[in-house]
């Protein structure tokens, strides 16, 4: 059974849908890129999957032993978040909250945070202030926090937004490595270059969605349309 199955899903606010007819599933080991025009509800879909808001219609079914607490989330960063006054270790450690009890972190939680920092090659930054890091380093820290919550499924909302090409490439490589190790990925993106890493593509539209294996999607008219829209945006 799939981790998540969405059937005839509509998402929006106050029962006013911004996107309808969404049908797809996330299985163990999948790498799904979510694409579509601005305002079509991609970020709203992410929040709905995370149970931060209710669907307007349709159903979201969890399976294969996945619980809501086992969905890691990397949201789009705001300027306020980038200036957060905490150390790298404190931020990564905060991702273990769902695994502990009481007011203090356990030895196991601290070890998990250390393991994740080592895996993401940010151990040397542990005592550094998050606000003083580069954009790429900050995203690694937030990824570490998400991985402390779960290694089953990561939901990433425009994770390379604002990063330079070098940091973008490094983050994509890191996400691909996590996926190769068994972590499922659901990533909202405007960067069509990221599709090379995907196993599937979910193209969200106002009244429908297209969900296909990447090889089929990149040969479809839907990919040609979104490619043209991307080119037009660069020309403006």
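The values are calculated or read from the model by the stated rules, or taken from the named source; none is laboratory data. Since the model is a prediction, treat every value here as computed from it, not as a measurement. For neighbour counting, all protein chains shown are included, and Cβ atoms are generated from backbone atoms with ideal geometry for every residue, glycine included.
Please verify whether segment 205-224 includes one or more residues that are touching a residue at least 40 places away in the same chain (Cβ under 8 Å), touching a strand residue (DSSP E or B) at 6+ places or on another chain (Cβ under 9 Å), buried (at least 20 other Cβ atoms within 10 Å of the Cβ) and assigned to a strand (DSSP E or B).
Scanning segment 205-224, I find at least one residue that is touching a residue at least 40 places away in the same chain (Cβ under 8 Å), touching a strand residue (DSSP E or B) at 6+ places or on another chain (Cβ under 9 Å), buried (at least 20 other Cβ atoms within 10 Å of the Cβ) and assigned to a strand (DSSP E or B), so the answer is yes.
Can you find a residue in segment 97-110 that is under 30 Å from residue 63 (Cβ atoms), at pLDDT 90 or above and part of a helix (DSSP H, G or I)?
Yes.
Can you work out which of the residues in segment 54-85 that are surrounded by fewer than 14 Cβ atoms within 10 Å (Cβ to Cβ) and in contact with a helix residue (DSSP H, G or I) (Cβ under 8 Å, 6 or more places away or on another chain) is nearest to residue 27 (Cα to Cα)?
Here the residue is 69.
Condition first: buried (at least 21 other Cβ atoms within 10 Å of the Cβ), touching a helix residue (DSSP H, G or I) at 6+ places or on another chain (Cβ under 8 Å), more than 27 Å from residue 68 (Cα to Cα) and in contact (Cβ under 8 Å) with a residue 12 or more places away in the chain. Can you find one or more residues in segment 129-138 that meet it?
Looking through segment 129-138, at least one residue is buried (at least 21 other Cβ atoms within 10 Å of the Cβ), touching a helix residue (DSSP H, G or I) at 6+ places or on another chain (Cβ under 8 Å), more than 27 Å from residue 68 (Cα to Cα) and in contact (Cβ under 8 Å) with a residue 12 or more places away in the chain.
For the condition under 19 Å from residue 150 (Cα atoms) and touching a strand residue (DSSP E or B) at 6+ places or on another chain (Cβ under 7 Å), what is the one hit in 41, 29, 65?
29
How about segment 143-166: which of its residues are crowded, with 24+ Cβ neighbours inside 10 Å and under 14 Å from residue 82 (Cβ atoms)?
159
Kindly indicate whether residue 27 is under 26 Å from residue 173 (Cα atoms), within 19 Å of the chain's Cα centre (by Cα) and modelled with pLDDT under 95.
no
Can we say residue 34 is surrounded by 14 or more Cβ atoms within 10 Å (Cβ to Cβ), at pLDDT 90 or above and more than 30 Å from residue 110 (Cβ to Cβ)?
Spelling it out, residue 34 is indeed surrounded by 14 or more Cβ atoms within 10 Å (Cβ to Cβ), at pLDDT 90 or above and more than 30 Å from residue 110 (Cβ to Cβ).
If you check 155, 201, 160, which single one turns out to be in contact with a helix residue (DSSP H, G or I) (Cβ under 6 Å, 6 or more places away or on another chain), outside any helix (DSSP H, G or I) and farther than 22 Å from residue 88 by Cα?
201
I need the strands (runs of 3 or more DSSP E) fully contained in segment 2-89, keeping only those with at least 3 residues that are in contact (Cβ under 8 Å) with a residue 24 or more places away in the chain and farther than 23 Å from residue 181 by Cα.
4-13, 16-26, 57-62
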